[in-house]
Amino acid sequence: MLTFALTLVRHGETQFNRDKLLQGQGVDTVLSARGLQQAEAAGRHLRGVRFTNAFVSNLQRARQTAEILLRNNVHSADVELVSDALLRERGFGIAEGLPKEALKNMANAAGQSCRDFTPPGGETTEQVRKRFRKFLKSLFQRMATDHGFPEAGADVAHPAAQDEDGLGQLHAHALVVSHGAYIRVAVRHLVEELQCSLPPGSRVGQVFGACPNTGMCRFVVTLSRGETGPQPHAVHCLFVNRKEHLGGDED
């Protein structure tokens with residue numbers, strides 16, 4: 001078995017976030033001044049965390065955030081930042097660039113909830129989940145290639161043996177920087193399809209809630225060998241949508 005930590009981080013604030021406008025994939029904005037401050041705060045918070053791998057959406061707001069996180073990190077000078085279009089935000093079609101309220105109005109006119117509604121030209125949540133499945137498959141293969149499976153009989157770190165941040169004796173740790181709607185779908189997939197265990201006392205509303213700008217989620221993933229490649233054997237959630245590093249500067 002190969003066990004590694006997986007930390008998901010949402011990008012910092014953009015002006016579109018501040019103005020409550022939809023960005024999706026077609027609006028490729030950069031971080032606002034506040035977003036840069038949030039990313040720096042997140043970088044300081046993660047400064048001593050040893051990342052062995054790093055992946056990022058190919059949109060500017062995510063790339064900027066990831067670069068700031070790694071620049072602040074004392075262990076990650078040699079870590080390659082891998083850009084992956086599979087980590088892009090959900091596409092919102094004709095609603096991109098419009099106020100979020102416009103999406104709610106479109107959903108109401110269609111007789112659907114905003115969460116279930118897909119604007120013309122946009123992605124369904126299932127299409128986003130399919131992208132995340134594809135990313136996970138490539139992530140698992142990359143982690144197995146880079147870190148290998150321990151020899152039989154070797155000591156393997158167990159999630160229960162980790163500290164509060166889920167690190168402890170783990171030697172492999174993947175950082176993934178993506179987007180709010182995408183991370184929401186990713187967390188739901190890990191819980192619903194991969195049967196991820198949750199921290200004691202977790203509330204569903206919190207686990208499946210919106211991730212704030214530079215909010216963090218952390219999981220411990222154990223892989224086993226499979227005929228078609230590495231397979232998830234167990235997934236354990238350490239925390240979801242953590243934002244303490246923001247102090248009073250929260251979404």
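A few remarks follow.
- Candidate set: segment 60-73, residues that are open to solvent by 40 Å² or more (accessible area, probe 1.4 Å) and in contact with a strand residue (DSSP E or B) (Cβ under 6 Å, 6 or more places away or on another chain); chosen: the one nearest to ALA186 (Cα to Cα): ARG63
- Restricting segment 227-244 to residues that are open to solvent by 30 Å² or more (accessible area, probe 1.4 Å) and not in a strand (DSSP E or B) leaves a set whose member that is nearest to PHE16 (Cα to Cα) is LYS243.
- Any chance GLN141 is closer than 30 Å to THR3 by Cβ and out of contact with any helix residue (DSSP H, G or I) (no Cβ under 8 Å at 6 or more places or on another chain): yes
- All of SER57, SER76 fail the test of being under 20 Å from HIS173 (Cβ atoms), modelled with pLDDT under 95 and either of a type in the set (Gly, Ala, Ser) or open to solvent by less than 50 Å² (accessible area, probe 1.4 Å) (or both), apart from SER76.
- The residue that is nearest to the chain's Cα centre (by Cα), counting only those in segment 130-149 that are small (Gly, Ala, Ser) and assigned to a helix (DSSP H, G or I), is SER138.
- Boolean, ARG225 is basic (Lys, Arg), modelled with pLDDT of 90 or more and closer than 19 Å to SER138 by Cβ: yes
- Among residues of segment 189-225 being open to solvent by less than 40 Å² (accessible area, probe 1.4 Å) and among the small types (Gly, Ala, Ser), the one that is nearest to ARG129 (Cα to Cα) is GLY209.
- Residue within segment 101-112 that is open to solvent by less than 30 Å² (accessible area, probe 1.4 Å) and in contact with a Gly (Cβ under 6 Å, 6 or more places away or on another chain) present: no
- Only listed residue being open to solvent by 30 Å² or more (accessible area, probe 1.4 Å), modelled with pLDDT of 95 or more and farther than 18 Å from LEU246 by Cβ, chosen from PHE92, PHE16: PHE16
- The sole residue among GLY153, GLY166 that is modelled with pLDDT under 95 and open to solvent by less than 10 Å² (accessible area, probe 1.4 Å) is GLY166.
- Residues of segment 169-221 satisfying the condition of being without any contact (Cβ under 8 Å) to a residue 40 or more places away in the chain, among the small types (Gly, Ala, Ser) and not in a loop (DSSP other than H, G, I, E, B): GLY205
The values are calculated or read from the model by the stated rules, or taken from the named source; none is laboratory data. Quick caveat, the model's predicted, so the values are computed rather than measured. FYI the Cβ positions are ideal-geometry reconstructions off the backbone, even for glycines, and counts take in every protein chain you see. Accessible surface is based on the protein model in full, side chains and every heavy atom, while ligands, DNA and RNA are left aside. Shrake-Rupley method; radii C 1.70, N 1.55, O 1.52, S 1.80 Å.
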